[in-house]
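The values are calculated or read from the model by the stated rules, or taken from the named source; none is laboratory data. All values derive from a computational prediction rather than experimental measurement. All Cβ positions, glycine included, derive from the backbone under ideal geometry; neighbour counts span all protein chains shown. These accessible areas exclude ligands, DNA and RNA; they are computed on the full protein's heavy atoms, side chains included. Shrake-Rupley method; radii C 1.70, N 1.55, O 1.52, S 1.80 Å.
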Amino acid sequence: MSADPHILAAARQAIERHGWRDATLERIADEAGLSRMTLHRRGVTRDAVLESLAQAFEAEYRGAMWPALTAPGSARERLEQALVALCDMCDANMGLLAALGESARSGIFHEQGDAVLTRSVFTEPVERLLRDGAADGSLEPAADAVETADVLFNAVAWPYVHLRGRHAWPADRARARIVGLVMDGIAPRKET
């Protein structure tokens, strides 16, 4: 499926309205104002829709992380900026993230294989900032920056989605609590 923006937007609407499991091609076609056969002729499948959504999310994420990667300031300040941007991205995609089932979320966010890690496109910016923070002394050096970046991404994204979606917390409250706790956890240890 070529990423037809109209069909992709219709797929998002169908997923947000019905959940991933019940977002059939017929419902996607209805949202797009097309017939199911038209989608079939264009090569649209549920797997292709999920892949296109993943590509769009990845591009949006890279764009959201770029300012934090290139900003002046300490790595700690830039990491906090990146984690706030992650929260903002979750807000912009809340309906979709809440509607995707676990297997669909895994298809977007996880590597394939036995050692399931978050896909590197999502963790590499965080890993870079962790390494920069260890170098400039603004963050505690991570024993394993790859694993720590995976933990940080998941410690922010999914609790944020949960608190915003299930508990109806305001964005500023959820962002401050989650990002604050995470940043406190990776602050350099003070010697006593």
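The residues of the chain have, on average, 53 Å² of accessible surface per residue, using a 1.4 Å probe with all protein chains present. Of the options C87, A99, S35, report the single residue whose Cα projects farthest towards the positive end of the charge dipole of the chain (beta-carbon charges: Lys, Arg +1; Asp, Glu -1). Highest projection toward the positive end goes to S35. Rounded, prolate or oblate: which fits segment 124-181 when a ≥ b ≥ c are the square roots of the eigenvalues of the alpha-carbon gyration tensor, with rounded for a/c under 1.5 and prolate only if a/b beats b/c? Cα axes put segment 124-181 in the prolate bin. Amide H contacts under 5 Å for W169: R164, restricted to partners 5 or more places along the chain or on a different chain, H placed in the peptide plane at 1.01 Å from N.
Estimated from helices alone, the mean residue ellipticity of the chain at 222 nm is -24000 deg cm²/dmol (sum of -39500 (n - 2.57) over DSSP H runs with n ≥ 4, per residue).
Put simply, when 70-81, 129-140, 165-176, 145-156 are sorted by average Cβ atoms within 10 angstrom per residue, most first, you get 145-156, 129-140, 70-81, 165-176. Legend: calculated FRET efficiency, R36 to K190, from the Cβ-Cβ distance at R0 = 41 Å, rounded to 0.05, equals 0.10. Each residue of segment 169-177 was assigned a 3J(HN,Hα) from its phi angle through the Karplus curve 6.51 cos²θ - 1.76 cosθ + 1.60 (θ = phi - 60°); the sequence is 5, x, 4, 5, 5, 4, 4, 5, 5 Hz, with glycine and proline shown as x. With the charge dipole of segment 30-138 set up from +1 on Lys and Arg Cβ and -1 on Asp and Glu Cβ about the Cα centre, the Cα lying farthest toward the positive end among the listed residues L69, L130, T45 is that of T45. Measure off, as a whole percent, the carbon and sulfur share of the 1.4 Å-probe accessible area of the chain, all protein chains present. Of the solvent-accessible surface of the chain, carbon and sulfur hold 50 percent. Given +1 at the Cβ of Lys and Arg, -1 at the Cβ of Asp and Glu and no other charges, the dipole of the chain around its Cα centre is 540 debye to the nearest 20. Here the gap between H6 and R21, fully extended at 0.36 nm per residue and compared with their Cα-Cα distance, gives a gain of 3.3 nm. As I understand it, the value is the acute angle between the Cα axis of helix 145-165 and the longest principal axis of the Cα atoms of the chain; what does it come to in degrees, rounded to 10? The angle comes out at about 60 degrees.
Gain on full extension, evaluated as 0.36 nm per residue between D47 and N154 minus their Cα-Cα distance, stands at 36.1 nm.
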